[in-house]
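**Student:** After the structure tokens below, expect a handful of questions from me.
The values are calculated or read from the model by the stated rules, or taken from the named source; none is laboratory data. For clarity, every value in this text was computed on a predicted model and none was experimentally measured. For neighbour counting, all protein chains shown are included, and Cβ atoms are generated from backbone atoms with ideal geometry for every residue, glycine included.
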Amino acid sequence: MRSLKYATKEKKSKSILSRNHSTSNLQDIVTSADILRTLIRKNAVRVVDVRKEDDYKKEHIKTAISIPLARVLDNDTPEKIVLLLEQSGISDKTPVVVYDDTFGALAARVAWTFQYVGHANTSLLETTFANWKSYGFETEKKINVFPKAKHSLRVNNDIFANYDEVEKAKSEQNKILVDSRERLNFLSEHIPGATNLPYTMLGTSESILRDPQEIKRFMENRGISKDDEVITYCGSVGTLSGLAYFALRMGGVKKIRLYSRSFKEWKKLGKPIEEFKDANFWDLSAE
């Protein structure tokens, strides 16, 4: 992966992997810091900070609004999420970039939620707030509020999976379950037939997601094709698996869903569980 280096505010920064983004085509998967800075200057984007509200109040990316992950999870019906978008001044056509300070997992869950209710024009900031700040980029302490906007509701069931669909996928050809928890958690117990792609492999210290070619290598090692139908899940609310969802999209998977209620619901429903009782050293390797 190329080195992501920045100088100071006075010097023109080198681009964080733009991945062929342009200001007219923001929403592939991730948005580079340089492109976001340009969009902010043009007042052409809504930046969403999903950290805790107290952290937002201390400092945040310029023009950002605060929508903590907990607030999204508390308002998890599509109707309430759309209302939240409207209250945040986000219309159907407003480009949205989401960031966090937790290697992208919280941002990924919120971004997926926005896309699920019909706001396809949503992407992830490629780096964390801590990195953004360390690069000397623009921050502020101002509490941003925008005029209420109108947003339609268009639920995208193509990216959502419930436990029934997970159960069917276990036995259907060309359908793959991806468990994004850490390797030891996966070995202890997981949904039968699932493949492990730990979230810890998906990013680097400077970028929340690796290069597409690296993601594709992980896919190849697990027998995942871009033409397979994939369902990602993690431990509880779909944060880690949300990151895997976007990573696999970056790797070229066309049909992918998130089982947002994840393993926590699966166990609560008394569904079958698989485990490795005699895991050895090689089983611990996720490569």
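**Student:** Are any of the residues in segment 96-104 within 17 Å of the chain's Cα centre (by Cα), buried (at least 22 other Cβ atoms within 10 Å of the Cβ) and of a type in the set (S, T, Y)?
**Tutor:** The answer is yes, given that some residue of segment 96-104 is within 17 Å of the chain's Cα centre (by Cα), buried (at least 22 other Cβ atoms within 10 Å of the Cβ) and of a type in the set (S, T, Y).
**Student:** Could you identify the single residue in K148, K142, K133 that is touching a residue at least 60 places away in the same chain (Cβ under 8 Å), part of a loop (DSSP other than H, G, I, E, B) and within 23 Å of A70 (Cβ to Cβ)?
**Tutor:** The match here is K148.
**Student:** Among residues belonging to segment 126-161 that are under 18 Å from E53 (Cβ atoms) and among the hydrophobic types (A, V, I, L, M, F, W, C), point out the one that is surrounded by the most Cβ atoms within 10 Å (Cβ to Cβ).
**Tutor:** F129
**Student:** Is it the case that K268 is surrounded by fewer than 13 Cβ atoms within 10 Å (Cβ to Cβ), out of contact with any strand residue (DSSP E or B) (no Cβ under 6 Å at 6 or more places or on another chain) and over 17 Å from N157 (Cα atoms)?
**Tutor:** In short, yes.
Yes/no per residue for (1) in the same structural domain as A130 (by TED's automatic domain parsing); (2) closer than 21 Å to F114 by Cα:
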{"site": "K148", "(1), (2)": "yes, yes"}
{"site": "E165", "(1), (2)": "no, no"}
{"site": "E189", "(1), (2)": "no, no"}
{"site": "F218", "(1), (2)": "no, no"}
{"site": "T232", "(1), (2)": "no, yes"}
{"site": "K267", "(1), (2)": "no, no"}
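**Student:** Scan segment 61-96 residue by residue and report those that are part of a strand (DSSP E or B) and touching a His at 6+ places or on another chain (Cβ under 7 Å).
**Tutor:** V96
Per-residue answers, yes or no, for (1) over 18 Å from the mean Cα position of the chain (by Cα); (2) over 19 Å from A169 (Cβ atoms); (3) modelled with pLDDT of 95 or more:
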{"site": "L197", "(1), (2), (3)": "no, no, yes"}
{"site": "S205", "(1), (2), (3)": "no, yes, no"}
{"site": "D211", "(1), (2), (3)": "no, yes, no"}
{"site": "T232", "(1), (2), (3)": "no, no, yes"}
{"site": "G235", "(1), (2), (3)": "no, no, yes"}
{"site": "G238", "(1), (2), (3)": "no, no, yes"}
{"site": "S241", "(1), (2), (3)": "no, no, yes"}
{"site": "K254", "(1), (2), (3)": "no, no, no"}
{"site": "A279", "(1), (2), (3)": "yes, yes, no"}
